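Scroll down for the structure; my scribbles are underneath it.
The values are calculated or read from the model by the stated rules, or taken from the named source; none is laboratory data. This is a predicted model, so every value here is computed, not measured. Cβ atoms come from the backbone with ideal geometry, glycine included; neighbour counts cover every protein chain shown. Surface areas here come from the heavy atoms of the whole protein model, side chains and all, with no ligands, DNA or RNA. Shrake-Rupley method; radii C 1.70, N 1.55, O 1.52, S 1.80 Å.
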Amino acid sequence: MKKIYFFVLLLSFSQLSAQPWYWINPANGHHHLNDISFISPGNGIAVADNGVILHYNDNIWTQAESTVSVNLNAVYYLSPTLAWAVGNNGTILKFNGSDWVQQESPVNVTLNGVCFTDENHGWAVGNTVLFFDGNSWQVQAEASGLKTVSFATPDEGWAAGTWGAIKHYLNGEWMNDVSMDSYDFSGICMTSQNTVFLNGNTIDGNGVFFENTGSGWQSVNSGGVNAGISFADQQHGYGIQNFIAFNTDIYPTVYKYSTGSWSKEFSAKRDRQLTSVEAISENEAYISDTTGFIYHGLDGNWGVSNGFTADSILDISFTRANNGYFACGTDGIWHYDAGNWTNVLKVPGFRFNEVKFIDENYGFAAAYKLSEFPWPYEDEVKVFRFMNGNWVEEIIPITEGILEPATSIGISFWNTLGVTSYNMIYSMSEGVWDTTFLAMNDSITELRFMDPFPINQNAQGALPEMEEAWLSIKRMEGDVKGAIYFNDYTSDTWNVSYETASGAFNDLCVADYMNIYAVGDNGLIAHFDGQNWSEFEPVTSEDLLSVYINDGNEGWAVGKNGTLLKYNGLSWSVVQRNTWNDLFKVCFYQGFGLIGGENGTLISTLEEMPVSLQKHELQFASGVLNIYPNPASDLVFLEIEGTAGDHLMISIYDNTGRLVFSGDHSVAGSAKQIIPVSLKGLKAGLYLVKMNSSNQVITGKLIIR
């Protein structure tokens, strides 16, 4: 049907093939979509490179089984049980309501457009013109470079394409119409037997729009549309615009046509191209693009129909398996809650890149706006707090505002907040803000609080709110280097724990006391075993951007160009590379893992995101365990609200993470439980107390004198 002229050849996006990762967003993965066709708002087909066919039914996109692997360039959906798709090498596929079957083609040339008026009258165009009579396809006319075709009745139709080619079919004969060889045409649409619209672009990419009511082609205002049109009737339609060769400020844009004039309705990200448009009614349309997304617009409101966001997923934070938040660039903060996606925070002109939650009622997000003016005018940065259902902007009173984009948000076990930006740490504890400056040539990339295991033995007898923390660093000293800083908070100073010879760090993961990992440029991976740092032999030259290691000392790392590495506890191996999409974040929540990346990439170890609380339930610290007396000597009491029939597991760990006590307690009634625990045999020092119930883990720190 509707096709577009590409000014730049864009590479197709391939799925991450390594199992057990599955595409969540966009549905069915990234594909170079070429055309869409709908018979109703909830029933459509999209075709893509490599023989990919997507079906849309009842608001769900699924990938159909395809019998070919060539690029499919156009599709026409005639009825619920009839559709045709055409592509390279003369490929023609027919949909019979359940399966796609390859039809015999009389040619081996590229086919770019297809159109049917009924099941016995169909045309396919490209480097030829083919006709389908209900039984077979035959060559009807010689042609070259045709891209679009439209028929109002079996007796009259039009086709157009590159170098101004226009053909007119009337009374059984194809005729060359007036040639406008300074234009390339991407869309032609017969809205009636008497009216034809034609859209294309000039050699430098500017849109052109013509109308023919029987007296020849008349040029009218294109509104910027240069890449395709679709009309619901003679007065209402939609068009798409892609970038113009000598005007880099043009974003891919959707325009609405109404009674002779165009109005802008939606703009997509600059790094993609819109490929096809389908008008459903005067106020509703669908659009496809080169990154696998299909957009739906109704009454001027546009969104993604095969996913939740088309912007990059830069950060992820979950509180339990079916509840989490995503920082999605200019698309803001998205909330996933038991099957429902909601855009909960969005600020025009700002790009959200960090989000951190410790439970469902408390979290932070950061966004930045690049200044339109050169130095000394700085970037504008905002920090937002979520508390008890509301987002509010957090004012940091000790500075005039963060001037560089926030690079990390950390929240400690005792609710100390840390926001990093360039060489600064903005921290808040009990409502009081403070600022720490590192050396001017250090740029912080990640802040991680060391929870729940303490590291420094000198912390014995210290106040419970004292924490330990790590920083990963990009250091500019001629050559780019990486550094790891450590702060045990007893001296309240940051000290270098490790420094690379070359290559900066981009992310840091604190798995436990014995295992801390940092990843960086050119495949850099460093490991702290509790005493010493060492570097792994790189298995990739790509920059690594995120790392996750579980408490079993196994995990994953992701980075540029879709690089995905797996760690088995001993060595790293490459699982996937070169997907043409950068991967920004990898994380796991008890039962499943998520990876977020460029162009809306979200993949998971589950085929579907968890919905039920009972499925893949995530244990999380929902509060602080009440322990008294604290400090204690021989006996301590643990206090918790109990649920009748629940079974509580009690564990105590020393400052090396070693389990020194375990016990259990059965809850007899739904009331406050006070559980005595003997400390006999435990030495003086700082301990972690953990209490597991059926749906949560509550922890607290205990000092034994």
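Check segment 575-590 and report whether any residue there is in a loop (DSSP other than H, G, I, E, B) and hydroxyl-bearing (S, T, Y). Scanning segment 575-590, I find at least one residue that is in a loop (DSSP other than H, G, I, E, B) and hydroxyl-bearing (S, T, Y), so the answer is yes.
Pull up segment 577-590, narrow it to residues that are over 16 Å from D315 (Cα atoms) and within 15 Å of the chain's Cα centre (by Cα), then point me to the one that is surrounded by the fewest Cβ atoms within 10 Å (Cβ to Cβ). The selected residue is W580. In this structure, is F364 open to solvent by less than 70 Å² (accessible area, probe 1.4 Å), at pLDDT 85 or above and in contact with a Leu (Cβ under 9 Å, 6 or more places away or on another chain)? Yes, satisfied. Does segment 523-546 contain at least one residue that is modelled with pLDDT of 95 or more, of a type outside the set (K, R) and closer than 20 Å to I409 by Cβ? Within segment 523-546, one or more residues are modelled with pLDDT of 95 or more, of a type outside the set (K, R) and closer than 20 Å to I409 by Cβ.
Restricting the search to strands (runs of 3 or more DSSP E) fully inside segment 232-282 and requiring at least 2 residues that are free of Cβ contacts under 8 Å to residues at least 40 places away in the same chain gives 253-258, 261-267.
For (1) modelled with pLDDT under 95; (2) more than 18 Å from S427 (Cα to Cα); (3) surrounded by 15 or more Cβ atoms within 10 Å (Cβ to Cβ); (4) among the aromatic types (F, W, Y), each residue gets a yes or a no:
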residue	(1), (2), (3), (4)
K356	no, no, yes, no
P374	yes, yes, no, no
Y377	yes, yes, no, yes
E380	yes, yes, yes, no
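Look at segment 101-115: where a residue is closer than 13 Å to S136 by Cα and a partner is surrounded by 13 or more Cβ atoms within 10 Å (Cβ to Cβ) and among the basic types (K, R), sitting 6+ places away or on another chain with Cβ atoms under 7 Å, you get Q103/K94.
Of the residues making up segment 453-484, those that are within 30 Å of the chain's Cα centre (by Cα) and either at pLDDT 85 or above or open to solvent by less than 10 Å² (accessible area, probe 1.4 Å) (or both) are A469, W470, L471, S472, I473, K474, V480, K481, G482, A483, I484. Just one residue in the set Y295, Y257 is modelled with pLDDT of 95 or more, crowded, with 20+ Cβ neighbours inside 10 Å, over 17 Å from the mean Cα position of the chain (by Cα) and of a type outside the set (A, V, I, L, M, F, W, C); that residue is Y257. Among the residues making up segment 15-56, a single one is among the aliphatic types (A, V, I, L, M), within 19 Å of V101 (Cβ to Cβ) and outside any strand (DSSP E or B): V52.
Within segment 426-452, if we keep just the residues that are touching a strand residue (DSSP E or B) at 6+ places or on another chain (Cβ under 6 Å) and more than 17 Å from N495 (Cα to Cα), the residue that is modelled with the lowest pLDDT turns out to be P452. Per the conditions (1) more than 21 Å from S408 (Cα to Cα); (2) touching a Leu at 6+ places or on another chain (Cβ under 9 Å), the sole criterion not satisfied by V519 is (1). Total residues in segment 511-546 satisfying the condition of being of a type in the set (S, T, N, Q), open to solvent by 30 Å² or more (accessible area, probe 1.4 Å) and within 27 Å of the chain's Cα centre (by Cα): the figure is 2. If I filter segment 565-576 for residues that are surrounded by 22 or more Cβ atoms within 10 Å (Cβ to Cβ), farther than 19 Å from Y498 by Cβ and without any contact (Cβ under 8 Å) to a residue 60 or more places away in the chain, do I get at least one hit? Checked segment 565-576: at least one residue is surrounded by 22 or more Cβ atoms within 10 Å (Cβ to Cβ), farther than 19 Å from Y498 by Cβ and without any contact (Cβ under 8 Å) to a residue 60 or more places away in the chain. Given the condition open to solvent by 50 Å² or more (accessible area, probe 1.4 Å), in contact with a Ser or Thr (Cβ under 9 Å, 6 or more places away or on another chain), of a type outside the set (V, I, T) and at pLDDT 75 or above, answer yes or no: does some residue in segment 621-638 qualify? Yes, some residue in segment 621-638 is open to solvent by 50 Å² or more (accessible area, probe 1.4 Å), in contact with a Ser or Thr (Cβ under 9 Å, 6 or more places away or on another chain), of a type outside the set (V, I, T) and at pLDDT 75 or above. For the residues G145, G187, G172, G157, the requirement of being at positive phi and touching a strand residue (DSSP E or B) at 6+ places or on another chain (Cβ under 6 Å) singles out G145. Scanning segment 496-510 for residues that are without any contact (Cβ under 8 Å) to a residue 24 or more places away in the chain and touching a strand residue (DSSP E or B) at 6+ places or on another chain (Cβ under 6 Å), which turns out least open to solvent (accessible area, probe 1.4 Å)? Per the criteria, the residue is G503.
Somewhere in segment 591-601, is a residue within 18 Å of D521 (Cβ to Cβ) and open to solvent by less than 10 Å² (accessible area, probe 1.4 Å)? Yes, that holds for at least one residue. For V392, the requirement of being assigned to a strand (DSSP E or B), modelled with pLDDT of 85 or more and either aromatic (F, W, Y) or surrounded by 21 or more Cβ atoms within 10 Å (Cβ to Cβ) (or both) is not met.
Checked across segment 179-201, the condition of being small (G, A, S) and touching a Lys or Arg at 6+ places or on another chain (Cβ under 8 Å) holds for at least one residue. S98 - would you say it is farther than 17 Å from V86 by Cα and assigned to a loop (DSSP other than H, G, I, E, B)? Here the answer is yes, as S98 does meet what is asked. Restricted to segment 168-185, and to residues there that are of a type in the set (A, V, I, L, M) and over 17 Å from V149 (Cβ atoms), the residue that is most open to solvent (accessible area, probe 1.4 Å) is V178. If only residues of segment 57-69 that are out of contact with any His (no Cβ under 6 Å at 6 or more places or on another chain) and either assigned to a loop (DSSP other than H, G, I, E, B) or at pLDDT 95 or above (or both) are counted, the one that is most open to solvent (accessible area, probe 1.4 Å) is E65. Of the strands (runs of 3 or more DSSP E) lying entirely inside segment 407-449, those containing at least 1 residues that are free of Cβ contacts under 8 Å to residues at least 24 places away in the same chain and either touching a helix residue (DSSP H, G or I) at 6+ places or on another chain (Cβ under 7 Å) or over 24 Å from V689 (Cβ atoms) (or both) span 424-429, 432-437. Looking only at residues of segment 664-681 that are of a type in the set (G, A, S) and either outside any strand (DSSP E or B) or modelled with pLDDT under 85 (or both), we find that the one that is least open to solvent (accessible area, probe 1.4 Å) is G669. Among the residues of segment 70-97, those identified as within 18 Å of S40 (Cα to Cα) and surrounded by fewer than 14 Cβ atoms within 10 Å (Cβ to Cβ) are S79, P80, T81, N96, G97.
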